[in-house]
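Here is the structure we will look at, set down as structure tokens.
Each value in this text was obtained by applying a stated rule to the coordinates, not by laboratory testing. This structure is a prediction, so every number in the text was calculated from the model and none was measured. Counting neighbours? That spans all protein chains shown, and the Cβs are built from the backbone with ideal geometry, glycine included.
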Amino acid sequence: MPQPFPTPRKQMPPVDLSQAEFLERYRQQFVDPAFDAVRKEIDKVASIAWDGYSNARKAPHTRKAGPGYADPDYDLSVDWIAAKAAIDDAQRAYEAKDRPPRLLFINASSRSEHTCPGESSKSWRMVKMAADLAEADGADVEILDLSRLASEYGRNIHPCKACFSTAAPLCHWPCSCYPNHSLGQVQDWMNEIYPMWVKADGIFIVSPVNWYQVSSPLKLMMDRLVCADGGNPDPTLTHGKDAETAKAIELDHWDYPRHLAGRLYAVVAHGDVEGAENVRRSISDWLRFMKLEPAGPKAEVDRYVGYWKPYAISHDELDADTGMQGEVRNAAATLLAAVKLKRAGKWAAAGEDLHEPRQK
């Protein structure tokens, strides 16, 4: 018979580094000869970093959780507390009545002229087409340019560690896996990105096809948004990352809160050879699973720009494809119209009051 609260399985090989291995990796950040004059100082800093690693100081700055948490005496990371406060502020902004409609436009391409490709992406151009139209029609517009992951110093989205797959309550909202100072997993962008999603009425995503898939920056963000769909807003419930406690809570009563439910979306996927329809469907299916709602048929577009043409002229092909440009603008207009209807109480989503027969 299975145990009522299963014991976490632990059978993977160890990942601990020796001091020599750690210091070798740490010093790789400073191979530039310009650092030669301060090698002794770097060695001192490296020894401090080793101490943090070997003693697993993931969150060196904490404070008591305080009122409103299951365990007010639990020591919470001040980084997480600040991230939670930003999300709470964004939720209040989302719920405010007397404001213009707010749309978040996401450029999912990693290409830009600011790094190796030497040229802007078509995704960025489409985002601008859509955002400019919405802004001209009175929307409050914010653009999230994921290409900065590849071109901007200290801009990271670290990979999801799949806490949710151990037990839903182990995945905290917002994500508490980062920053992890002991592993050097810092400068994570997601604590800035979560509030962008929370305060938006509508999300507009433009993604290229990368090997039949969404772009790598978009996939990183998608995975890290798992905490928005069933994630636990109170890490003290699970005593931080106590897997056994989290399993017991999920099997006992977890209600899988949908933190982004009800927001509307539009998606544009574009390719040059194959895969555009699958990428558009992948993004749309993900958003629908999180209980976001499609704005309408014209808000979901998958097309080819310069089909089987040389990559060197792809921007010229987009210039010539006025039909594609019109569809992108129509997707933005559809999303904004749907948001206005919803804010006016005129949006009908059939079945939204039905009880979910099963959760994730």
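Out of all DSSP beta bridges with both ends in the range 150-299, state the antiparallel percent to the nearest 5.
Of all bridge pairs located within the range 150-299, approximately 20 percent are antiparallel.
With charges only on Cβ, +1 for K and R and -1 for D and E, what is the dipole size of the chain about its Cα centre, in debye, rounded to 20? Can you show the working numbers first?
Working: 44 positive and 51 negative charges, 73 e Å.
Rounded to the nearest 20 debye, it is 360 debye.
If you place +1 on the Cβ of every Lys and Arg, -1 on the Cβ of every Asp and Glu, and leave all else neutral, what size is the dipole of the range 234-287 about its Cα centre, to the nearest 20 Debye?
Details: 6 positive and 10 negative charges, 43 e Å.
Dipole about the Cα centre, nearest 20: 200 debye.
Would you work out if the chain is rounded, prolate or oblate? Take a ≥ b ≥ c from the square roots of the eigenvalues of the alpha-carbon gyration tensor; rounded if a/c is under 1.5, else prolate when a/b is larger than b/c, oblate otherwise. Don't skip to the answer; put the middle values down first.
Values: a/c = 1.93, a/b = 1.24, b/c = 1.55.
Here the chain falls in the oblate category.
Using Cβ contacts closer than 10 Å as the measure, can you line up Glu21, Glu244 from fewest to most? Working shown, then result.
Details: Glu21 10, Glu244 16.
By the 10 Å Cβ count, ascending, the order reads Glu21, Glu244.
Would you be so kind as to identify all helices of the chain, as entire DSSP H runs, whose Cα atoms reach 24 Å or more along the helix's own axis and whose mean Kyte-Doolittle hydropathy is at least -1.0?
Details: long enough: 78-95 (26 Å, -0.23); 322-343 (31 Å, 0.05).
Both cut-offs are met by 78-95, 322-343.
How much FRET efficiency would the formula 1/(1 + (r/R0)^6) give for Arg27 and Arg155, where r is the Cβ-Cβ distance and R0 is 25 Å, rounded to 0.05?
Numbers: r = 23 Å, r/R0 = 0.92.
The formula returns an efficiency of 0.60 here.
Of the beta bridges DSSP finds with both residues in the range 90-343, what % are antiparallel, to the nearest 5?
Numbers: 3 of 30 bridges.
Roughly 10 percent of the DSSP beta bridges within the range 90-343 come out antiparallel.
Can you flag which of Lys97/Lys346; Lys84/Lys199; Lys84/Lys342; Lys128/Lys342; Lys84/Lys247 are past 18 Å Cα-Cα? Walk me through the numbers before you get to the answer.
Values: Lys97/Lys346 15 Å; Lys84/Lys199 13 Å; Lys84/Lys342 27 Å; Lys128/Lys342 24 Å; Lys84/Lys247 23 Å.
Too far apart for the 18 Å limit: Lys84/Lys342; Lys128/Lys342; Lys84/Lys247.
Output ³J(HN,Hα) for the range 255-262: one whole-Hz value per residue in order, computed from phi by the Karplus curve 6.51 cos²θ - 1.76 cosθ + 1.60 with θ = phi - 60°, and x for Gly and Pro.
9, 6, x, 9, 6, 10, 4, x
At 7 Å along Cα-to-Cβ for each site, give me the label-to-label distance between Ala70 and Leu183 in nm.
Reported label-point gap for Ala70 and Leu183 is 2.3 nm.
Can you pull the one-decimal nm distance between simple spin-label points at Arg92 and Lys10, each 7 Å off the Cα toward Cβ?
4.1 nm
Of the residues Pro297, Pro195, Pro100, which exhibits the maximal mean-square fluctuation in a Gaussian network model of the chain defined by a 10 Å Cα contact cut-off?
Maximum fluctuation in the GNM of the chain, among the listed residues, is at Pro297.
Name the aspartates and glutamates eligible as straight-distance cross-link partners of Lys10: C-alpha to C-alpha under 16 Å, and not fewer than 8 places from it in the same chain.
Of all the aspartates and glutamates, those that pass the test against Lys10 - Cα under 16 Å, at least 8 places apart if same chain - are Asp242, Glu244.
Take the chain, connect every pair of alpha-carbon atoms lying under 10 Å apart with a spring to form a Gaussian network, then pick out the residue of His114, His270, His172 with the largest mean-square fluctuation.
His114
Report the gain in length on full extension from Ala350 to Ala56: 0.36 nm times residue separation, minus Cα-Cα distance, nm rounded to one decimal. Don't skip to the answer; put the middle values down first.
Values: separation 294, 0.36 × 294 = 105.84 nm, distance 4.97 nm.
Stretched fully, the Ala350-Ala56 segment lengthens by 100.9 nm.
Test of understanding: ordering Ile48, Ile157 by Cβ neighbours within 10 Å, fewest first, what list do you get? Don't skip to the end; give the middle numbers.
On the way: Ile48 9, Ile157 22.
Going from least to most buried by this count: Ile48, Ile157.
Let's see if you can work this out: charge +1 on each Lys and Arg Cβ, -1 on each Asp and Glu Cβ, no other charges. What is the dipole magnitude of the range 10-155 about its Cα centre, in debye to the nearest 20? Don't skip to the end; give the middle numbers.
Numbers: 21 positive and 25 negative charges, 44 e Å.
Value, rounded to 20: 200 debye.
How far is the Cα center of the range 45-69 from the Cα center of the range 162-193, in Å?
14 Å
Along the positive direction of the dipole of the range 90-343 (beta-carbon charges: Lys, Arg +1; Asp, Glu -1; about the Cα centre), which of Met221, Ala130, Asn232 reaches farthest?
So the residue we want is Asn232.
Can you list the aspartates and glutamates whose alpha carbon sits under 12 Å from that of Lys291, skipping same-chain ones fewer than 8 residues off?
Here the aspartates and glutamates satisfying the reach criterion relative to Lys291 are Asp229, Glu352, Glu356.
Using Cβ counts within 10 Å as a stand-in for footprinting exposure, how do Ser54, Ser314, Ser165, Ser109 rank, fewest first?
On the way: Ser54 14, Ser314 17, Ser165 11, Ser109 26.
Ranking Ser54, Ser314, Ser165, Ser109 by Cβ neighbours within 10 Å, fewest first, gives Ser165, Ser54, Ser314, Ser109.
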